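Here's the structure, in structure tokens; my notes come after.
The values are calculated or read from the model by the stated rules, or taken from the named source; none is laboratory data. All figures in this text were calculated on a predicted structure; none of them were measured in a lab. Using ideal geometry, Cβ is built from the backbone for each residue, glycine included, and neighbour counts are taken over all protein chains shown. What goes into the accessible areas is simple: the full protein's heavy atoms, side chains included, and nothing from ligands, DNA or RNA. Shrake-Rupley method; radii C 1.70, N 1.55, O 1.52, S 1.80 Å.
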Amino acid sequence: MTMPTRRYDLLLFDFDGTLADSAVLFDLLLPALAQQRGVPPPAQGWHALRAMDSRAMLRALKIRWWQIPSVTRQMRLAMAQHLHRVQLYPGWSAVLEQLHAQGLQMVVVSSNSPSTVEKVLGPALGLFAAVHCRAPFLGKRAIFKRVVRQAGVAPGRVLSIGDEGRDADASHACGIDFVGVAWGLAHAQVLQPVSDSPLLQQPPDLAGLLASADQRA
């Protein structure tokens, strides 16, 4: 009996905006950060920033590159205080269990803190082979390379799932395929051009994407 061919062996998941509904970061913490930095609200509202790439968003918030680590730490601490507002997007638990049962390796790479990621994942934490936290805001590339090397998987057999252009940039720099989610931080018109497949409209779409990729492999 011929075994089905698998297209991907390793899945790399972003956390905030991808696995976790972290809208509190945008709706509550981002305006507070901007006010602290003396940045007035955009004429179109704060959600206008979602149409920008990561670097343009940093410029809009007047955050210099050397200030990114301290601002990231500040956002982590603030999010921890509002952790009761953060949860997995509906549908992820069942999908993650299904993919784990199929033998796929899954890893989380996040800029958030370990305690926040672990609490939000809850029982789903055990489905992941590893969780890498406190990734630099623009520094996931090195972590991706290390994770892929440790997993013993060729980059071409890895799929990254995220909600921002910086996730796509890090993935493509490592030779990894990327698919964006339509429910995260970046607007679809920003994320779709850098996604190697149509944006996922809901978590179960990932299982469908993987099944289609296996059939083409």
Within segment 77-92, does at least one residue satisfy the condition of being exposed (fewer than 12 other Cβ atoms within 10 Å of the Cβ), of a type outside the set (Ser, Thr, Tyr) and at pLDDT 90 or above? yes
Residues of segment 125-148 satisfying the condition of being assigned to a loop (DSSP other than H, G, I, E, B) and either touching a strand residue (DSSP E or B) at 6+ places or on another chain (Cβ under 7 Å) or open to solvent by less than 10 Å² (accessible area, probe 1.4 Å) (or both): 128, 129, 135
Of the candidates 51, 56, 80, 60, the one satisfying the condition of being of a type in the set (A, V, I, L, M) and in contact with a His (Cβ under 6 Å, 6 or more places away or on another chain) is 51
Residues of segment 161-188 satisfying the condition of being open to solvent by 40 Å² or more (accessible area, probe 1.4 Å) and part of a helix (DSSP H, G or I): 169, 172, 173, 188
On the given criteria, is residue 149 modelled with pLDDT of 95 or more, within 29 Å of residue 198 (Cβ to Cβ) and not β-branched (Val, Ile, Thr)? no
For segment 206-215, state whether one or more residues are in contact with a Ser or Thr (Cβ under 8 Å, 6 or more places away or on another chain), part of a helix (DSSP H, G or I), among the hydrophobic types (A, V, I, L, M, F, W, C) and touching a residue at least 60 places away in the same chain (Cβ under 8 Å). no
So is residue 151 touching a Leu at 6+ places or on another chain (Cβ under 8 Å), open to solvent by less than 50 Å² (accessible area, probe 1.4 Å) and within 25 Å of residue 46 (Cβ to Cβ) or not? no
If a residue has to be touching a strand residue (DSSP E or B) at 6+ places or on another chain (Cβ under 9 Å) and open to solvent by 50 Å² or more (accessible area, probe 1.4 Å) to count, how many in segment 189-201 make the cut? 4
The condition of being part of a loop (DSSP other than H, G, I, E, B) and not small (Gly, Ala, Ser) holds, among 90, 69, only for 90
Within segment 10-54, how many residues turn out to be among the charged types (D, E, K, R), open to solvent by 40 Å² or more (accessible area, probe 1.4 Å) and in contact (Cβ under 8 Å) with a residue 60 or more places away in the chain? 3
So residue 122 ticks every box in (1) open to solvent by 10 Å² or more (accessible area, probe 1.4 Å); (2) within 15 Å of the chain's Cα centre (by Cα) but one. Which box is left unticked? (2)
Confirm whether residue 204 is within 26 Å of residue 50 (Cα to Cα) and at pLDDT 95 or above. yes
